[in-house]
Amino acid sequence: MADRIPVVLVAGFLGSGKTTLLNHLLRNNRGTRIGVVVNDFGAINVDSMLVAGQVDAMVSLGNGCVCCAVDVTELDELFTRLTQPRAGIDVIVVEASGLAEPRNLIRMVVGSDNPRLRYGGLVEVVDAEQFPDSSARHPELRTHVRLADLVVVNKADRVAPEQLARLRADIAALVGSVPVYATTHGRIDPGLLFDRPRRERQLVAEQLSFDELLVEHEHHDHAGHRHLHDDYTSVSFASDRELDPRKLIGFLEDPPPGLFRAKGFAAFGVAGERRKFVLHMVGRHIVFEPGGWSRGESRGAQLVLIGAGLHTDKAMARLRDTVHDDAEPLDSQSMLGVWRYTPH
């Protein structure tokens, strides 16, 4: 499960700032090799590289990343190419057309038979200034927001604080516990969307790459200025005791507000159940994969929660409540919720 490549979908109406957000991720990837898929036709400027809109055009971005422009019907074939080990891709980001139907893209990723990829979430980008009017003209935009696993309210600097607060409250009423992240210029920490790959680097003096210089420049260029964005939070939970599967499923199905991702593993205090269950959750999408424990590995649970505006104390209290304290094991029926989210 950990070796699968996450596919992050970035959608939003025309002009909301999807490409700006994508360019920010590319400049701040810090060694992550991103496969960029632009689901649009016509001339698209991605990170100063002009990508022609014909099907199956692939351009190297010079930082280990590649960019492709495809028709949505070609996505499966492209995923097959990008997920091959020799491609060396860590994460795939699909920038949907401003007129695309996100539901179809979600179905394509979640329903894919490709064993090398997994769903990484739908990020819906909203223009803080234009969304009230554009969603009134195009009511389907509000439906798109309801599908999101993370809502990014971009261009937050263009509206008054009270107007931004009203918009966020309106969006929160649509999406419930889904995190709503306000920012400017598409600045979102990549750590909220995907993990940095663990690659060994030589501990020797080395020259900064062009990408790293861009990151440093961007950091110093804004030093001392108030950044209008929400920090994301990452918190870890560990237990040397087994968990109650019903309680963990209850936590995941009714997550604390602001939770975007959860990952880790758990042992369950169920009679006859000795396996290790690896968990990966993005938004409303939950997957458990049973497997074996490594030699010498202690049974228990380790989970990491990642979100924006996440109340960590409350989340940790709820996770502590999932620990199975009773000496008697639970019956096998308590695993039904876990099996519901286990691929067959």
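The values are calculated or read from the model by the stated rules, or taken from the named source; none is laboratory data. Nothing here was measured: the structure is a model prediction, and the numbers come from that model. Note that we place each Cβ from the backbone using ideal geometry, even for glycine, and neighbour counts take in every protein chain shown. Heavy atoms of the whole protein, side chains included, go into the accessibility calculation; ligands, DNA and RNA do not. Shrake-Rupley method; radii C 1.70, N 1.55, O 1.52, S 1.80 Å.
Summary of computed values
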| quantity | calculated |
| --- | --- |
| Condition met for Asp331 (more than 27 Å from Pro190 (Cβ to Cβ), modelled with pLDDT of 95 or more, out of contact with any helix residue (DSSP H, G or I) (no Cβ under 8 Å at 6 or more places or on another chain) and not basic (Lys, Arg)) | yes |
| Condition met for Ile171 (in contact (Cβ under 8 Å) with a residue 12 or more places away in the chain, touching a Phe, Trp or Tyr at 6+ places or on another chain (Cβ under 7 Å) and crowded, with 21+ Cβ neighbours inside 10 Å) | no |
| Residues of the stretch 143-158 satisfying the condition of being touching a residue at least 12 places away in the same chain (Cβ under 8 Å), open to solvent by 20 Å² or more (accessible area, probe 1.4 Å) and over 19 Å from the mean Cα position of the chain (by Cα) | Lys155, Asp157, Arg158 |
| Positions within the stretch 147-168 being closer than 14 Å to Phe131 by Cβ and in contact with a strand residue (DSSP E or B) (Cβ under 9 Å, 6 or more places away or on another chain), in sequence order | Ala148, Val151, Val152, Val153, Asn154, Lys155, Ala156, Arg158, Leu164, Leu167, Arg168 |
| Residue tally, condition within 16 Å of Gly121 (Cα to Cα) and not in a loop (DSSP other than H, G, I, E, B), over the stretch 144-179 | 8 |
| Tabulated pairs, the stretch 98-116, first within 25 Å of Asp127 (Cα to Cα) and open to solvent by 80 Å² or more (accessible area, probe 1.4 Å), second hydrophobic (A, V, I, L, M, F, W, C) and outside any loop (DSSP other than H, G, I, E, B), C-beta under 9 angstrom, 6+ apart or interchain | Arg103/Leu147; Asn104/Val72 |
| Pairs where the first residue, in the stretch 268-287, is among the small types (Gly, Ala, Ser) and the second is modelled with pLDDT under 95 and open to solvent by less than 10 Å² (accessible area, probe 1.4 Å), C-beta under 6 Å, 6+ apart | none |
| Residues within the stretch 238-264 that are part of a strand (DSSP E or B) and either β-branched (Val, Ile, Thr) or crowded, with 21+ Cβ neighbours inside 10 Å (or both), tallied | 5 |
| Near pairs, Cβ below 7 angstrom, 6+ apart or cross-chain, from the stretch 315-344 (over 21 Å from Ala262 (Cβ atoms) and assigned to a helix (DSSP H, G or I)) to any residue that is of a type in the set (D, E, K, R) and open to solvent by 10 Å² or more (accessible area, probe 1.4 Å) | none |
